[in-house]
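Input: a single structure, listed below in structure tokens.
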Amino acid sequence: MEKLTPPVEKNDYIDVTFEDLTHDGSGVAKVNGFPIFVQNALPGESGQVKVIKVKKGYAFGKLMNHSTVSEARVEPPCPVYKQCGGCQLQHVSYEGQLSFKQKQVQGVMERIGHLPNVPVLPTMGMTDPWRYRNKAQVPVANRDGGLVAGFYQQRSHDIIDMDMCLIQQQENDDVVQVVKSILEKYNVPAYHEQKHKGTIRHIMARYGLTTGEIMVVLVTRTSELPNKKHIIEEIVKAVPNVKSIVQNVNTKRTNVILGDQTNVLWGEEYIYDYIGDVKFAISAKSFYQVNPEQTKVLYDKALEYADLTGEETVIDAYCGIGTISLFLAQKAKKVYGVEIVPEAIEDAKRNAKLNNIDNAEFEVGEAEVVIPNWYKQGIKADVIVVDPPRKGCDEALLKTILKMKPKKVVYVSCGPATLARDLKILEEGGYQTVEVQPVDMFPHTTHVESVSQLILKEDN
Ligand code: SAH
């Protein structure tokens, strides 16, 4: 292979114009076709860049000054936006973010899927794209005789104290502040990562958007919690909508937040929330979509694409706690859900009962193993919904879909690149992608979620 000599060297100063944004929100400029990635630069902007690192096929630069500023650029409203790293697009107007996400999907359809003609619709965004997250998980540390609770500074484990997060439900922010001061009052020592000592590791808050119910989770290193009784009393007094206070014990040296053991300290084990008409029970450890308002938008679209009459058999692959399955079960004859995490399937079954849905069946296992087995047993779906993790669908699953030939495939994706790869395989096997609808589930971040409809072509 021909070796390209990078046209830039470390510490060069160059004037560039940015053409694109990467999937993590950096600006991309090209020098003789050689890409340079620069943080805080937007397409259409120009400026001077200092080259800070040169690799074989690309380089990183630092923006020294702007000569042209994009119309999409806004002042990020969060004071700790740069240090936190939880959001990546607050410096882009919301309209600009939605259009970036649409282009991102369009781009991979062309580059990776070689499907330039697939219609990618404008991203469905939120009317108010702030304070949408229903779950906060905030690390705690001791500092200057008190507690700090906030976020890890980027690329480090230093905790920056924070009293609000603009993408968090206000209720969660309030809970974190109140609980922090109660723990401080009772001198509960914070967990010290290096020494593996101390008690409180994380404060977690979950909020049921439609019910207003709140769960407080105290994640501790040890099962004892000093002054437990007083702490509970004070939380109950200070948080009027609290329905559940639980302690999760995580004894391990790990970055994983939750441990194996969960004890209910006060109230219920679950809080509840609705997506549309479907009620969900949420425990401390349950997976549950973090933006339920947009989840409804996404699932309504999935339901529209499934186009059910009540007679269909539907498979929901990668079903999690059965959110999509239960949504579809109301309009289908039978739904089969499959998911690899046993606890999620337990939740799915519990949620089916909670909603008196008796035409949904759930099985634990790998979609690429379980669905071929179902096929062997004679189960044939009219519609298959897939909602895989970022790495996309396993090839064995795609092959089974091509054999089973459901009339429709609805593909919910959180990874545009693997979506494009998988759509290509399904297209080659006889499906046509009708359209791709990006839905903004995570405003101000670079996450791109979408739902696509595929139909089996007539002669297949
Ligand atoms: N459809 C769900 C969750 C989708 S997230 C919802 O809308 O809530 C993707 C899910 O796929 C996760 O729950 C993950 O545990 C599961 N998963 C990952 N690999 C899998 C596999 N090979 N087979 C089945 N499920 C898998």
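Before moving on, here are some points about what is shown:
- In nm, spacing of pseudo-spin labels at T251 and E395 (7 Å Cα→C-beta vector): 4.3 nm
- Summed over all non-identical Cα pairs, the Kirkwood treatment of the chain gives a radius of 24.2 Å.
- Dividing the helix sum by the residues of the chain, where each DSSP H run of 4 or more adds -39500 (n - 2.57), gives a mean residue ellipticity at 222 nm of -8000 deg cm²/dmol.
- Segment 13-68: relative contact order as a whole-number percent, Cα under 8 Å and 6+ apart: 33 percent
- Environment charge at E45 (Cβ cut-off 13 Å; Lys +1, Arg +1, Asp -1, Glu -1): -3
- Separation of segment 18-50 and segment 253-280, taken as the distance between their Cα centroids, equals 42 angstrom.
- Amide proton proximity set for I52, modelled H, under 5 Å, gap of 5+: N11, F60, G61, K62
- By the Cα gyration tensor, segment 215-299 has an equivalent ellipsoid whose semi-axes, rounded to whole angstrom, run 27, 18, 9 from largest to smallest.
- Computed from the Cβ-Cβ distance with R0 of 41 Å, the FRET efficiency linking Y58 to I455 stands at 0.60.
- Backbone N under 14 Å from the K30 label point (7 Å along Cα→Cβ), restricted to segment 90-123: 111
- Shape analysis of segment 29-142 based on the Cα gyration tensor places the equivalent ellipsoid semi-axes at 26, 23, 16 Å, largest first.
- Probe 1.4 Å, protein heavy atoms only - accessible area per residue of the chain in square angstrom: 47 Å²
- More than 20 angstrom apart: percent of Cα pairs within segment 135-275: 42 percent
- Coarse-grained scattering of segment 13-68 at q = 0.21, 0.23, 0.27 Å⁻¹, given as base-10 log I(q)/I(0) from a Debye sum over alpha-carbon atoms: -0.64, -0.78, -1.09
- Entries of K285/K376; K30/K82; K30/K457; K197/K279; K296/K407 with Cα pairs more than 31 Å apart: K285/K376; K30/K457; K197/K279
- The portion of the accessible surface of the chain made up by carbon and sulfur, rounded to a whole percent, is 49 (1.4 Å probe; DNA, RNA and ligands excluded).
The values are calculated or read from the model by the stated rules, or taken from the named source; none is laboratory data. This one's a predicted model, so the numbers in the text were calculated from it and none came from an experiment. Glycine also receives a Cβ, built like all others from the backbone with ideal geometry; neighbour counts cover every protein chain displayed. These accessible areas exclude ligands, DNA and RNA; they are computed on the full protein's heavy atoms, side chains included. Shrake-Rupley method; radii C 1.70, N 1.55, O 1.52, S 1.80 Å.
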